[in-house]
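Below is one structure, written out as structure tokens; comments come after it.
What follows is calculated from the coordinates using simple rules that are stated; it is not laboratory data. What you see is a predicted model, and the numbers here were worked out from it, not measured in a lab. We place every Cβ from the backbone using ideal geometry, glycine too, and count neighbours over all the protein chains shown.
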Amino acid sequence: MDNGHAASASTPENATSADILSQALPSILQIKGYNPQATETKWQKAWEAQGQFRTDTADKNKPKYYALSMFPYPSGRLHMGHVRNYAITDVIARFKKMNGFNVLHPIGWDSFGLPAENAAIKNNASPKKWTFDNIAFMSEQMKRMGLSYDWDREVYTCREDYYQWTQWLFLYLYDKGLAYKKEAPVNWCNECNTVLANEQVIDGRCWRDDSLVVKKRLNQWFFKITDYADRLLENLPQLTGWPDRVTLMQKNWINRSTGAEIEFSVENKPDTRIAVFTTRPDTIFGATYMVLAPEHPLVAELTTPEQKQAVDAYIKATQLKSEIERTATDKEKTGVALGTFTINPYTQKKMPIWISDYALAEYGTGALMAVPAHDERDFAFAKKFSLPIEVVVQNPNNPPNNPNVVSDDVYTDYGTLINSGEFDGLSSEEAKEKITAFAEQNGFGQARVQYRLRDWLVSRQRYWGAPIPILYCDACGAVPVPKDQLPVLLPEDVDFSVTGKSPIETSKSFQQNVNCPSCAKPARRETDTMDTFVCSSWYYLRFLDPHNTEKPFDPDIIKRWMPVDQYVGGIEHAILHLMYSRFFMMALHDGDCLGFAKEDKKGDEPFANLLTQGMVLKDGAKMSKSKGNVVAPDDIFNEFGADTARFFILSDSPPQADFDWKDSGVEGCFKFLTRVWRLFDEYFKTAAKLEDDQIALPAYDQMGGEIRSLYQLVNKTVAGVSEDIEKEFQFNTVISKIREFVNALGKVSSETQQSPVYTVALINLLKLLAPIAPHLSEDLWAGLGLYDEIGSIHLQAWPKVDVQALTADAVEVVVQINGKLRDKFQATPSTPKEELEAKAKASPKIQEYLAGKEIKKIIVVPGKLVNIVVG
RNA sequence: GCCCCGGUGGCGGAAUGGUAGACGCUGUGGACUUAAAAUCCAUUGGUAGCAAUAUCGUGCCGGUUCAAGUCCGGCCCGGGGCACCA
């Protein structure tokens, strides 16, 4: 998926991975033995030939596990962020497979979007070719990484066998009243020459190119995500497998406010009403003026002839401002009075009507009642334009009847009402209810919930996207293309050299033989295409049934496989993609498209668990071409192999944290894998080939000495590694445990090496290593003779823990005096408290410390410590 | 401004309230080698000491506890999200 900020498109050079493979290997590899390049190619071919990772979604014999990386935008070549993302998901997928799950691990291409079109404009070539070339290159790179994808399920959002169903989805939403066209102030990017969704504007700038976004009033297509605002919010606490910060970001983005909508009448205009939204109806007696957004539809009507010139000038000035200038919070307030007045329905006082850009057209009703005594923005505005300020909530820190407006310290908290007629003395909470009820009883208002979330603007004035399946007929207006006439094909006879309009408008074929489906008269096609986020927000469903030509997917398969068990990707999609996907899932569920029963909550949420991986940094900074600190994955594959790259990128940091790339770290990992290789190479010299991985071990109580402690270490390592993967995917500690294990294996005596325990240790080591370094472990597995006997290591069962061997024979017990470490001694884990205490006291060192002191208390933690408290 | 998340050696990072610094990177010394690379061994938080050892040490201040990196309160710093949302 495109993360926007890394979207600068790069064209791949003409290298293929075959060329890369044939390059001479650097000297570090010329040491005898481990040769990752040959090993990796060999096994990749073998796995592919066997179809080892193809998933039969109909197989019910095993529990299902759906592992998913956010699919990539084919920008040119993989970067380290991709490598990290795919390595994490691949280890999870392989681990789950070895643990008996039927694992689905698919991949595809989020392949519509602007970089392809920009490249096309630059080279006057086809975006399709650019995209497909990139996909060819990047899928080769993925294959070189040894990722366990089910390639049969590969989807391309830019291919008609996919976007046909994106169009179907549009029509589905249209039928449900969830897709509509309206004229509204929208975000416009001059660089991209298109509108943007609210979520794609970051700090007033375009998410893609950082240029300033301007507001334009345009007729555009929207998806009614606001219909789902409450459900999107209410479900968040149930997403326990998501990072808190992501659910929190979504909560803040939706931002639900409760309050009231209240209608104000206008002086001398008995038929005109202005509705305002307020979260503070309790302060309504302090409302002293009203502000409309400059775009408010009543502005013209409410402007007096005397004020018209000033008002028009203000509106014009507002339109010229960029979004960022307009919404800067530290900006001084501006505005113009319309010359007319509204009546406060509670005080019956006249309130002047103003326009100001601090009122937002898209929020609430586009109009607000201003209470300067209890709102900082209103206060600043009132001060500047000398408008009246009325205190109606007593600040508990001020003495009674000592209004707080003397200072600039506006009281915005709740309190007790004053100067509010019959509502005096009520708390703000009570007053909110009663004042709203009063409006309701008298027919001029009601309680209302308002969200900050806006409807999703999905039309784009660009070529390389899924055409919106709508026709325009002079007689019938906007008419949906009948579903059986999908896909509406993206035309190829377009001219990319035109400027100022979408290239799609230059196509002749696109508008040929287009007739209205209802009246059969000639019609025109909609030339806008859909936001690529539409394509990418339902792909996880298509992966389950990618070749279906009748439907987007089969509900029975969806029901069996959804939700995604583990989703892995960047935090930058916390709001955009993840919220859109949740919305689609809910909307499809409501139309019974997903096979789940209506009330089944499982039909609501697409991703049960989410892991947001950190960035890959180098020298403390994000890798970027301009900084010159980019490390190319191919270079690492060439020099050290994919296993080293995978092992390293999972090592130093937990997956959620940023990862600092260090060249010396990669080398260290390569050396480690070489050491593993040598460990086995030594073993192969003397050992016979194995027939299976069930080695006859002596009984545990017969084991002694080094063999016994080795057996304990094997089990401790298996238990620790399994736990670290199951819980939080802490691959960094997994790797340190594997390293400790290998360090210990390298130190055992040659007698112990003859023991079947040592063989079991080697077998388990390979299994623990298999998800992380799949090629090397498979190759050594084959070296043991096991590949020929029982097949690929990746199809074997994850090692089991022998629980009796988890308890160590001896432990070190710490002796503390007043919590400070003073001595240590050896004991068994089961040594009783009294004995530990006696042993501690008997220590000469401890006796020294105790000399002449009174023992007040002794705390004994069996198997751990003795703490002697002295006076 | 509001809301989150962090702060541990030279660096990345480990530590169910119970031996702070696992594992690795870097550095230093050594073995092997004609030499280098590779490999192996030792060492690597600060201070004092030849040493055993002592002492300080997880952003700062305080608290709870036999015991605090970990829990509580207050601050400082860094990062992120939202931000004129009525």
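Taking every alpha-carbon pair within region A:786-853, the share separated by more than 17 Å comes to 61 percent. For a paramagnetic label modelled on A:Glu550 (point 7 Å from Cα along Cα→Cβ), amide N atoms under 12 Å away are absent within region A:582-612.
When you filter the trypsin sites (Lys or Arg not before Pro) in region A:146-178 for DSSP loop state and at most 14 other Cβ atoms inside 10 Å of their Cβ, you are left with A:Lys176. Placing unit charges on the Cβ atoms of the charged side chains and taking the dipole of chain A about its Cα centre, the candidate lying farthest along the positive direction among A:Pro546, A:Pro480, A:Phe647 is A:Phe647.
For the peptides A:84-93, A:618-627, A:178-187, the ranking by packing is A:84-93, A:178-187, A:618-627, with the highest mean count of neighbouring Cβ atoms within 10 Å listed first.
Ranking of A:Met80, A:Met562, A:Met249 by neighbouring Cβ atoms within 10 Å, starting from the fewest: A:Met249, A:Met80, A:Met562. Nearest 10 degrees is fine. How inclined is helix A:731-745 to the longest principal axis of chain A, computing both from alpha carbons? With rounding to tens, the tilt is 10 degrees.
Within 10 Å of each residue's Cβ, count the other Cβ atoms and sort A:Leu248, A:Leu850, A:Leu776, A:Leu745 from fewest upward.
In order of increasing Cβ crowding within 10 Å: A:Leu248, A:Leu850, A:Leu745, A:Leu776.
Computed from Cα positions, the angle between helix A:663-686 and the longest principal axis of chain A comes to roughly 30 degrees.
Here r is the Cβ-Cβ distance between A:Lys559 and A:Asn99 and R0 is 35 Å; the resulting FRET efficiency, rounded to 0.05, is 0.90.
Separation of region A:452-483 from region A:267-298 is 35 Å, based on Cα centroids.
Express in whole angstrom the spacing between the alpha-carbon centres of region A:729-804 and region A:588-656. Taking the Cα centre of region A:588-656 as reference, the centre of region A:729-804 is 26 Å away. Straight-line cross-link partners of A:Lys857 among the lysines, defined as a Cα under 29 Å from its Cα and at least 8 positions apart when in the same chain: A:Lys820, A:Lys824, A:Lys833, A:Lys839, A:Lys841, A:Lys845.
Taking each of A:Lys96/A:Lys618; A:Lys176/A:Lys508; A:Lys685/A:Lys747 in turn, the alpha-carbon distance tops 24 angstrom for A:Lys96/A:Lys618; A:Lys176/A:Lys508. Each part gets one Cα centre, and for region A:318-395 versus region A:812-871 those centres are 72 Å apart.
Order by neighbour count: A:Phe596, A:Phe533, fewest other Cβ atoms within 10 Å first, most last.
Working: A:Phe596 19, A:Phe533 22.
Least to most surrounded, the residues fall as A:Phe596, A:Phe533.
Peptides A:371-377, A:134-140, A:727-733, ordered by how many other C-beta atoms sit within 10 Å of their residues on average, highest first, read A:371-377, A:134-140, A:727-733. When the Cα gyration tensor is reduced to axis lengths a ≥ b ≥ c, the ratio a/c is 1.5 or higher for chain A, and with a/b not above b/c it is classed as oblate.
Based on DSSP H segments of at least four residues, each scored -39500 (n - 2.57), chain A has a per-residue ellipticity at 222 nm of -10500 deg cm²/dmol.
Taking region A:469-511 and a reference point 7 angstrom along Cα→Cβ of A:Ser518, the backbone N atoms nearer than 15 Å belong to A:470-483.
Relative to the dominant Cα principal axis of chain A, helix A:428-441 is inclined by about 50°. Modelled spin labels at A:Gln656 and A:Arg231, positioned 7 Å past Cα toward Cβ, are 2.9 nm from each other. Dividing the mean sequence gap of close Cα pairs (under 8 Å, 6+ apart) by how many residues chain A holds gives a relative contact order of 14 percent. Projected label points at A:Asp161 and A:Lys833, each 7 Å from Cα along the beta carbon direction, are separated by 7.0 nanometres.
Simple rule: put +1 on each Lys or Arg Cβ and -1 on each Asp or Glu Cβ in region A:700-828, find the dipole, and look at A:His794, A:Leu821, A:Tyr711; the Cα lying farthest toward the positive end is A:Leu821. With the largest listed first and rounded to whole Å, the semi-axes of the equivalent ellipsoid of region A:241-332 from the Cα gyration tensor are 32, 22, 11.
Toward the positive end of the charge dipole of chain A, with +1 on the Cβ of Lys and Arg and -1 on the Cβ of Asp and Glu, the farthest Cα among A:Thr166, A:Ala621, A:Ala608 is that of A:Ala621.
The lysines within cross-link reach of A:Lys97, meaning a Cα-to-Cα straight distance under 16 Å and a gap of 8 or more places when in the same chain, are A:Lys60, A:Lys62, A:Lys64, A:Lys767, A:Lys800.
Taking 25 Å as R0, compute the FRET efficiency from the Cβ-Cβ separation of A:Met249 and A:Ser211 and round it to 0.05. Working from the Cβ atoms, E equals 0.55. In this calculation the C-beta distance from A:Asn190 to A:Ile695 is compared with R0 = 60 Å, giving a FRET efficiency of 0.30. Using θ = phi - 60° in the Karplus curve 6.51 cos²θ - 1.76 cosθ + 1.60, the 3J(HN,Hα) couplings for region A:715-720 round to 6, 5, 5, 4, 5, x Hz; x is entered for Gly and Pro. Note on A:Asp175 and A:Ser322: the model spin-label points, each 7 Å out from Cα along the C-beta direction, lie 4.4 nm apart. Put simply, when A:746-752, A:315-321, A:448-454 are sorted by average Cβ atoms within 10 angstrom per residue, most first, you get A:448-454, A:315-321, A:746-752.
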